[in-house]
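Below you'll find the structure, written out as structure tokens, and then a few comments.
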Protein chains: 2
Amino acid sequence: MDKNSSDENQEQKEQVVNPWEVSAKGKIDYEKLIEKFGCQRLDPSIIDRVARLTGRPPHVFLRRGVFFAHRDFHEILDAYERGEKFYLYTGRGPSSEALHLGHLVPFMFTKYLQDAFKVPLVIQLTDDEKCMWKNLTVEESQRLARENAKDIIACGFDISKTFIFSDFDYVGGSFYKNMVKIAKCVTYNKVVGIFGFTGEDHIGKVSFPPVQAAPSFPSSFPHLFTGKDNLRCLIPCAIDQDPYFRMTRDVAPRLGYHKPALIESLFFPALQGETGKMSASDPNSAIYVTDSGKDIKNKINKYAFSGGQDSVENHRKYGANLEVDIPVKYLGFFLEDDAELEHIRTEYGAGRMLTGEVKKRLTEILTEMVERHRRARAAVTDEMVDAFMAVRPLPNMFD
Amino acid sequence: MDKNSSDENQEQKEQVVNPWEVSAKGKIDYEKLIEKFGCQRLDPSIIDRVARLTGRPPHVFLRRGVFFAHRDFHEILDAYERGEKFYLYTGRGPSSEALHLGHLVPFMFTKYLQDAFKVPLVIQLTDDEKCMWKNLTVEESQRLARENAKDIIACGFDISKTFIFSDFDYVGGSFYKNMVKIAKCVTYNKVVGIFGFTGEDHIGKVSFPPVQAAPSFPSSFPHLFTGKDNLRCLIPCAIDQDPYFRMTRDVAPRLGYHKPALIESLFFPALQGETGKMSASDPNSAIYVTDSGKDIKNKINKYAFSGGQDSVENHRKYGANLEVDIPVKYLGFFLEDDAELEHIRTEYGAGRMLTGEVKKRLTEILTEMVERHRRARAAVTDEMVDAFMAVRPLPNMFD
């Protein structure tokens, strides 16, 4: 083990963030994460620039710091300003039937980016990854991939600019060639340093990073980007995916490609409090897009960690602790009205608004949002899934 | 490191046999190899049984012990006797433009098996492997794969029963699904034990064994074997490929497949003597299918290691040492007439025949064989290569 690895192990006792585990003793220290990963904070000047270049107000996830870190995003903007286009790449590991709100965050943001910049988007469903990590059968992973594709499509992506693919269906040809080219550039010691694999891990795990790296290079998609090897790629994702793309960015220049740029989000907190990502094994830790209005109300009232005081009297006296209050954090993601959010924060923080009132407002907002999603998903037919996943050119993708 | 690995290391100082290296201090000890790998010797009763079941005399490579070891070949014969068919799988790593005689050995034998048992055959060209191990570009590996396919086709395979594929073209779909299923069953420690990878090896190497394993399972070829998941597979190969298939056989029952059976050959010796496989880096160590009659004559006269004595006088007195004599060994591969071979061995061994005479006879035989191959190869058009490599059903493959 080299020095870096053992430093990393030291730190991992405090805070572990990788694609398969997010945990910390207290809250995730995002500043430390930025420093450790070597990415940059997304500062207000970049956000202003996005607004200026796209002629739209910045998305609430930008204004509120949900997407808070990046790698080379300014280069994407420089190129865009010169009139060059780029493409977006995001993805999902289909490990569960129903998505929760945290799963929607990158897709909501990616839709905004697609609309604002008018660029094509590839969405990778890593059914092979989940088959290997969660020990699902191939068939079950593929079924989940299709189910998840429906939720993704329900987020409103433009079919004339969007290609969704499952690895089990799509790996091969130019994509496989890029996997091999990438794999040639990365030693086993390197992936151990980045991902923490051990000798007892199966070789499917060791083989997977190039699969997630390949979509960062336009030549993996000959039906979309033939003759466009110079096209830049922007990846919106949660910051736990950063290790894959650190590896990809190391490799890119050796293969003659641009390094993919990244724009990275915080983790969406669990109802029980902000110590990591939500746990798929505890259905009460998250609000799912399949939850009824009653479920949502119950979960918020029963499980959402409150920063309010233990009695109305104390609450009026001391006010709520907004730093730990989950309803306020959730409102920060999904209540678009800045003025109303500020009002709630002020009143609740001063103790003039009670926890119950904040939870009621959050319940309204999430119920409306989940119902809207459910209606949109119900309208997604199998034919639409086939259409989004068809291997095809997208002649109007840059319009 | 477990006990096995360190035993292996001890032994490797004496004799190294793996898919990328064959070396020994003296001659390869095949008995030791059989014991170490855990395969069986091909005994005369199995060879008699092959003759009986196929109604043909056994191939010279069987009679002379060129194919000398096996795994579960008797199970293939049992099944065949019950009226069940099987399929053949062999392959080549396309690392050089021209094949030498040693490269032809498995293909000549595979053609005999195809004709004798009337069974389908898949031939894998591992252009991905050579791209990774020999650091060739993707394009160069693919070009070599096509060139080598012409030499393979020139061996006379039946197009109605033969599918040739390059990994770069074919990996994907059901084949990729099997790669993932196989990879899930093999730990990194396991491949280190089998193949001796180190942490400084790139992960492409670690990812490759499932690619070579996948063709052992019929479901990797849906256009050929849909609904035939129970079909057995027989792999003719040189014994250095055994590690891949030991791994494959470990995995097979966990995936619900038969273990592939193997029939394994000695290494074709270098002109300079029998200490391993031929070296691609020394063109004078082997006779290539591109060599002219003059080249062949020169190479045999100049480089073929002789067991004859240093003077005619001594030769007449002591006779030739047939154990080390390369011309006699080569005749053992390619002189089909048993009586003539026996005559040469007796006369040469007794000193009544001189080295020059033996070399002259070998030159005749190899020149004729190489010229026949060259004529056959010249008749292989690009259209024929496309036809053999077309992803297609083979409706008459069991006729």
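What's the total number of residues in the range A:187-214 that are acidic (Asp, Glu) and either more than 21 Å from B:Val211 (Cβ to Cβ) or in contact (Cβ under 8 Å) with a residue 40 or more places away in the chain (or both)? Talk me through it step by step, then tell me what you get.
First, the residues of the range A:187-214 that are acidic (Asp, Glu): A:200-201.
Okay, now just the ones that are also either more than 21 Å from B:Val211 (Cβ to Cβ) or in contact (Cβ under 8 Å) with a residue 40 or more places away in the chain (or both), so A:200.
So the count comes out to 1.
Within the range B:142-191, how many residues turn out to be within 14 Å of chain A (Cβ to nearest Cβ) and small (Gly, Ala, Ser)?
6
A:Ser160 is checked against (1) in a helix (DSSP H, G or I); (2) open to solvent by 10 Å² or more (accessible area, probe 1.4 Å); (3) polar (S, T, N, Q) and fails just one. What number does that condition carry?
In the conditions (1) in a helix (DSSP H, G or I); (2) open to solvent by 10 Å² or more (accessible area, probe 1.4 Å); (3) polar (S, T, N, Q), A:Ser160 misses (1) alone.
Just one of B:Gly199, B:Gly193 is surrounded by fewer than 24 Cβ atoms within 10 Å (Cβ to Cβ) and touching a Phe, Trp or Tyr at 6+ places or on another chain (Cβ under 8 Å); which is it?
Every option except B:Gly199 fails the conditions.
Tally time: how many residues in the range A:349-383 are among the charged types (D, E, K, R), farther than 16 Å from A:Tyr330 by Cα and out of contact with any Asp or Glu (no Cβ under 8 Å at 6 or more places or on another chain)? Show your work before the answer.
Within the range A:349-383, the first condition is being among the charged types (D, E, K, R), and the residues that meet it are A:352, A:357, A:359-361, A:364, A:368, A:371-372, A:374-375, A:377, A:382-383.
If we keep only those that are farther than 16 Å from A:Tyr330 by Cα as well, we get A:352, A:371-372, A:374-375, A:377, A:382-383.
Restricting the remaining residues to those that are out of contact with any Asp or Glu (no Cβ under 8 Å at 6 or more places or on another chain) gives A:352, A:371-372, A:374-375, A:382-383.
Residues that pass the stated criteria total 7.
Filter the range B:87-98 down to residues that are part of a loop (DSSP other than H, G, I, E, B) and either among the aromatic types (Phe, Trp, Tyr) or touching a strand residue (DSSP E or B) at 6+ places or on another chain (Cβ under 7 Å) (or both) and give me whichever is nearest to B:Ser141 (Cα to Cα). I'd like the intermediate steps shown before the answer.
The initial filter retains those residues of the range B:87-98 that are part of a loop (DSSP other than H, G, I, E, B), namely B:93-98.
Restricting the remaining residues to those that are either among the aromatic types (Phe, Trp, Tyr) or touching a strand residue (DSSP E or B) at 6+ places or on another chain (Cβ under 7 Å) (or both) gives B:94, B:98.
Details: B:Pro94: 7, B:Ala98: 13 Å.
In this case the residue turns out to be B:Pro94.
Pick out the one residue from B:Thr355, B:Thr381, B:Thr363 that is surrounded by 15 or more Cβ atoms within 10 Å (Cβ to Cβ), of a type in the set (Val, Ile, Thr) and closer than 30 Å to B:Asn148 by Cα.
Details: B:Thr355 fails: closer than 30 Å to B:Asn148 by Cα; B:Thr381 fails: surrounded by 15 or more Cβ atoms within 10 Å (Cβ to Cβ).
None of the others qualify; the one that does is B:Thr363.
Is at least one residue of the range B:335-346 among the hydroxyl-bearing types (Ser, Thr, Tyr) and crowded, with 19+ Cβ neighbours inside 10 Å? Please lay out each step first, then the result.
Pass one, the range B:335-346, residues among the hydroxyl-bearing types (Ser, Thr, Tyr): B:346.
Checking which are crowded, with 19+ Cβ neighbours inside 10 Å leaves us with none.
The answer is no; no qualifying residue exists.
With the requirement that a residue be aliphatic (A, V, I, L, M), out of contact with any Asp or Glu (no Cβ under 6 Å at 6 or more places or on another chain) and more than 16 Å from B:Glu81 (Cβ to Cβ), what does the range B:29-64 give you?
Of everything in the range B:29-64, those that are aliphatic (A, V, I, L, M), out of contact with any Asp or Glu (no Cβ under 6 Å at 6 or more places or on another chain) and more than 16 Å from B:Glu81 (Cβ to Cβ) turn out to be B:Leu33, B:Ile34, B:Leu42, B:Leu62.
Among the listed residues B:Asp291, B:Asp310, B:Asp295, B:Asp325, identify the single one that is at pLDDT below 95 and not hydroxyl-bearing (Ser, Thr, Tyr).
B:Asp310
Checking the condition open to solvent by 10 Å² or more (accessible area, probe 1.4 Å) and either in contact (Cβ under 8 Å) with a residue 12 or more places away in the chain or over 21 Å from A:Ile46 (Cα atoms) (or both), which residue from A:Phe268, A:Phe245, A:Phe217, A:Phe221 passes? I'd like the intermediate steps shown before the answer.
Working: A:Phe245 fails: open to solvent by 10 Å² or more (accessible area, probe 1.4 Å); A:Phe217 fails: open to solvent by 10 Å² or more (accessible area, probe 1.4 Å); A:Phe221 fails: open to solvent by 10 Å² or more (accessible area, probe 1.4 Å).
Criteria check complete, one pass: A:Phe268.
Need a quick list: helices (runs of 4 or more DSSP H) entirely within the range B:209-300 having at least 3 residues that are more than 23 Å from B:Tyr112 (Cβ to Cβ) and in contact with a helix residue (DSSP H, G or I) (Cβ under 8 Å, 6 or more places away or on another chain). Reasoning before the result, please.
Working: elements: B:209-213, B:222-225, B:242-251.
In the range B:209-300, B:209-213, B:242-251 are the helices (runs of 4 or more DSSP H) which contain 3 or more residues that are more than 23 Å from B:Tyr112 (Cβ to Cβ) and in contact with a helix residue (DSSP H, G or I) (Cβ under 8 Å, 6 or more places away or on another chain).
Can you tell me which residue among A:Phe195, A:Phe109, A:Phe168 is touching a His at 6+ places or on another chain (Cβ under 7 Å) and within 20 Å of A:Pro19 (Cβ to Cβ)?
Numbers: A:Phe195 fails: touching a His at 6+ places or on another chain (Cβ under 7 Å); A:Phe168 fails: touching a His at 6+ places or on another chain (Cβ under 7 Å).
One residue alone meets the criteria, A:Phe109.
Name, by its number, the condition in (1) modelled with pLDDT under 95; (2) crowded, with 20+ Cβ neighbours inside 10 Å that does not hold for B:Glu97.
Evaluating B:Glu97 over (1) modelled with pLDDT under 95; (2) crowded, with 20+ Cβ neighbours inside 10 Å leaves (2) as the failure.
Each row is one residue, and each column tells you yes or no for (1) out of contact with any strand residue (DSSP E or B) (no Cβ under 7 Å at 6 or more places or on another chain); (2) of a type outside the set (Gly, Ala, Ser).
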position	(1), (2)
A:Glu75	no, yes
A:Gly102	yes, no
A:Ile123	no, yes
A:Thr126	no, yes
A:Asp169	yes, yes
A:Lys177	yes, yes
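Mind listing whichever residues of the range B:117-144 are assigned to a loop (DSSP other than H, G, I, E, B), open to solvent by less than 40 Å² (accessible area, probe 1.4 Å) and under 13 Å from A:Val180 (Cα atoms)? Show your work before the answer.
Taking the range B:117-144 first, the residues assigned to a loop (DSSP other than H, G, I, E, B) are B:118-120, B:126, B:134-137.
If we keep only those that are open to solvent by less than 40 Å² (accessible area, probe 1.4 Å) too, we end up with B:119-120, B:126, B:136.
Result: B:Thr126, B:Leu136.
Are any of the residues in the range B:207-214 open to solvent by 10 Å² or more (accessible area, probe 1.4 Å) and of a type outside the set (Ser, Thr, Tyr)?
Of all residues in the range B:207-214, those open to solvent by 10 Å² or more (accessible area, probe 1.4 Å) come to B:207, B:212.
From what is left, the residues that are of a type outside the set (Ser, Thr, Tyr) are B:212.
The answer is yes; a qualifying residue exists.
What is the number of the single condition among (1) without any contact (Cβ under 8 Å) to a residue 24 or more places away in the chain; (2) closer than 25 Å to B:Glu147 by Cα; (3) surrounded by 14 or more Cβ atoms within 10 Å (Cβ to Cβ) that B:Met369 does not meet?
Unmet condition: (1).
For the range A:302-320, how many residues are open to solvent by 80 Å² or more (accessible area, probe 1.4 Å) and part of a helix (DSSP H, G or I)? So that I can check it myself, show each step before the final result.
From the range A:302-320, those open to solvent by 80 Å² or more (accessible area, probe 1.4 Å) are A:302, A:305, A:310, A:312-313, A:316-318; that's our starting set.
Within this subset, residues satisfying the condition of being part of a helix (DSSP H, G or I) are A:302, A:312-313, A:316-318.
Of the residues in the range A:302-320, 6 are open to solvent by 80 Å² or more (accessible area, probe 1.4 Å) and part of a helix (DSSP H, G or I).
Limited to the range A:192-217, what total is found for residues that are facing chain B (nearest Cβ under 9 Å) and of a type outside the set (Phe, Trp, Tyr)?
Qualifying residue count for the region: 13.
Okay, residues lined up against (1) more than 30 Å from B:Pro57 (Cβ to Cβ); (2) in contact (Cβ under 8 Å) with a residue 40 or more places away in the chain:
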{"site": "B:Glu313", "(1), (2)": "yes, no"}
{"site": "B:Asp325", "(1), (2)": "no, no"}
{"site": "B:Asp338", "(1), (2)": "no, yes"}
{"site": "B:His343", "(1), (2)": "no, no"}
{"site": "B:Arg377", "(1), (2)": "no, yes"}
{"site": "B:Glu383", "(1), (2)": "yes, no"}
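Which of the following residues is modelled with pLDDT of 95 or more and over 17 Å from B:Gln124 (Cβ atoms): B:Leu231, B:Leu255? Quick ask: steps written out before the conclusion?
Values: B:Leu231 fails: over 17 Å from B:Gln124 (Cβ atoms).
Answer to the check: B:Leu255.
Kindly indicate which of B:Gly227, B:Gly256 is open to solvent by 30 Å² or more (accessible area, probe 1.4 Å), under 30 Å from B:Leu394 (Cβ atoms), over 17 Å from the mean Cα position of the chain (by Cα) and within 12 Å of another protein chain (Cβ to nearest Cβ). Break it down stepwise before answering.
Details: B:Gly227 fails: within 12 Å of another protein chain (Cβ to nearest Cβ).
So the residue among B:Gly227, B:Gly256 that is open to solvent by 30 Å² or more (accessible area, probe 1.4 Å), under 30 Å from B:Leu394 (Cβ atoms), over 17 Å from the mean Cα position of the chain (by Cα) and within 12 Å of another protein chain (Cβ to nearest Cβ) is B:Gly256.
Filter the range A:55-86 down to residues that are touching a residue at least 24 places away in the same chain (Cβ under 8 Å), part of a loop (DSSP other than H, G, I, E, B) and not acidic (Asp, Glu), then give me how many there are.
So the answer is 6.
Being in contact with a Lys or Arg (Cβ under 9 Å, 6 or more places away or on another chain), under 28 Å from B:Leu121 (Cα atoms) and surrounded by fewer than 19 Cβ atoms within 10 Å (Cβ to Cβ): is that true of B:Asp386 here? Please lay out each step first, then the result.
On the way: in contact with a Lys or Arg (Cβ under 9 Å, 6 or more places away or on another chain): no; under 28 Å from B:Leu121 (Cα atoms): yes; surrounded by fewer than 19 Cβ atoms within 10 Å (Cβ to Cβ): yes.
The answer is no for B:Asp386.
The values are calculated or read from the model by the stated rules, or taken from the named source; none is laboratory data. Bear in mind that the values here come from a model prediction, so they are computed numbers and not experimental data. We place every Cβ from the backbone using ideal geometry, glycine too, and count neighbours over all the protein chains shown. When the accessible area is computed, the model is the full protein with side chains, heavy atoms only, and any ligands, DNA or RNA have been set aside. Shrake-Rupley method; radii C 1.70, N 1.55, O 1.52, S 1.80 Å.
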